Amino acid sequence: MSNLDDLFLQEASGHTSAKSSDQPFDKEAWAQKKQELRQWAYETIDAATIAISHSGDEFQRYLDVQSRFDRYSVSNALLILMQRPEATRIADFDSWKEQGVFIRRKETGFYILEPGEEYRREDGSTGISYNLKKMFDIAQTTANPKREQPTYPDDRVRIKALMDRAPVPIVIGDAMPPETHALYQPDMRNIIIRRGMDAGNIFRSLAQELAHADLDRGDGRYSRSFFTFHAYCASYMLCKQFGVDTSSFRFHRVQEKLKDKEPQQIRAELAVMKDTAHDMALRMNRMLAQQQRQQHRTEPAR
């Protein structure tokens, strides 16, 4: 058992032993333990942030985790990356139990941050305290992981979902610049895409340009050069989520893109990428869910 588990054993398990229950509860000692655990989490998040900003391979591994857990914060994705990067579906002990699933013996959990109570800062603003929550991946449980294998829509449906409720019109172009597959045009407020590409290139390039369109808030502050890396990463995460080949993506220049930034600033940039990909995925999933409901209504009864 790790020192971290020793520190958080009682709260993580949700139970106390008969021996420990006979002892008087030391509130100050427990508060100190919780504070030490939070401090470990914050230091781990900063260390992970620095690590991924110095290595293209580590950065890509972070994007892989964030793409699987797009509803989780950047900080929690970094905690998962550092503790169990191969995780695919996670829940705490009680949540698994409610599903009739149990944690395998000798499995060690990992921790994420969970919002706690609000508090008033000295300057009068409102802050949120965070606690550590122990989680387990499905691979650590009695559930059958094979049932969790993702299924993806076919190429045509996937591209149709990507284009659904797009923030700008998408038009086919016959005179695209060399090596340009698609291009968001902020002055025209549209996206032009090259004719005759295969499905993979259509999805990858269109996802990147739709990310640019989402990032352009129309306030005059949009800069393509500033948001190029954000859109590229959002496209990658969307491809990972929806089963599109990502072998052409490269992140070897990540150190150049994130240089001279503090960990908190880097996480702010990562949050922009994550939120952009998440918003696009929401649009796609709404359309796919609607299509699935329509198919169920039209299928003949057996």
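Any residue at all in the stretch 223-243 that's modelled with pLDDT under 95 and over 24 Å from the mean Cα position of the chain (by Cα)? Within the stretch 223-243 (the criterion being modelled with pLDDT under 95 and over 24 Å from the mean Cα position of the chain (by Cα)), the answer is no, since none of the residues qualifies. Only one entry of Arg221, Arg204 meets the criterion of being under 29 Å from Thr49 (Cα atoms) and out of contact with any helix residue (DSSP H, G or I) (no Cβ under 9 Å at 6 or more places or on another chain), and that entry is Arg221. Taken over the stretch 100-121, the criterion of being touching a residue at least 40 places away in the same chain (Cβ under 8 Å) and either not in a strand (DSSP E or B) or not hydroxyl-bearing (Ser, Thr, Tyr) (or both) is satisfied by Val101, Phe102, Thr108, Gly109, Ile112, Leu113. Scanning the stretch 34-61 for residues that are under 24 Å from Thr246 (Cβ atoms) and either in contact (Cβ under 8 Å) with a residue 60 or more places away in the chain or surrounded by fewer than 21 Cβ atoms within 10 Å (Cβ to Cβ) (or both) returns Thr49, Ala51, Ile52, Ser53, His54, Ser55, Gly56, Asp57, Glu58, Phe59, Gln60, Arg61. Within the stretch 66-117, the residues that satisfy the criterion of being open to solvent by 40 Å² or more (accessible area, probe 1.4 Å), hydrophobic (A, V, I, L, M, F, W, C) and in contact with a strand residue (DSSP E or B) (Cβ under 7 Å, 6 or more places away or on another chain) are Phe93, Phe102. For the stretch 122-156, filtered to residues that are touching a residue at least 12 places away in the same chain (Cβ under 8 Å) and over 23 Å from Leu81 (Cβ atoms), the residue that is most open to solvent (accessible area, probe 1.4 Å) is Arg156. Selection over the stretch 200-221 of residues that are open to solvent by 30 Å² or more (accessible area, probe 1.4 Å) and either at pLDDT below 95 or of a type in the set (S, T, N, Q) (or both) gives a count of 7. In the set Met237, Met197, Met280, Met287, only one residue is aliphatic (A, V, I, L, M) and either open to solvent by 70 Å² or more (accessible area, probe 1.4 Å) or in a loop (DSSP other than H, G, I, E, B) (or both); that residue is Met197.
The values are calculated or read from the model by the stated rules, or taken from the named source; none is laboratory data. Because the structure is a prediction, the values reported are computed rather than measured. Don't worry about glycine lacking a Cβ; one is built from the backbone with ideal geometry, like all the others, and counts go over all protein chains shown. Accessible surface areas use protein heavy atoms only, side chains included; no ligands, DNA or RNA. Shrake-Rupley method; radii C 1.70, N 1.55, O 1.52, S 1.80 Å.
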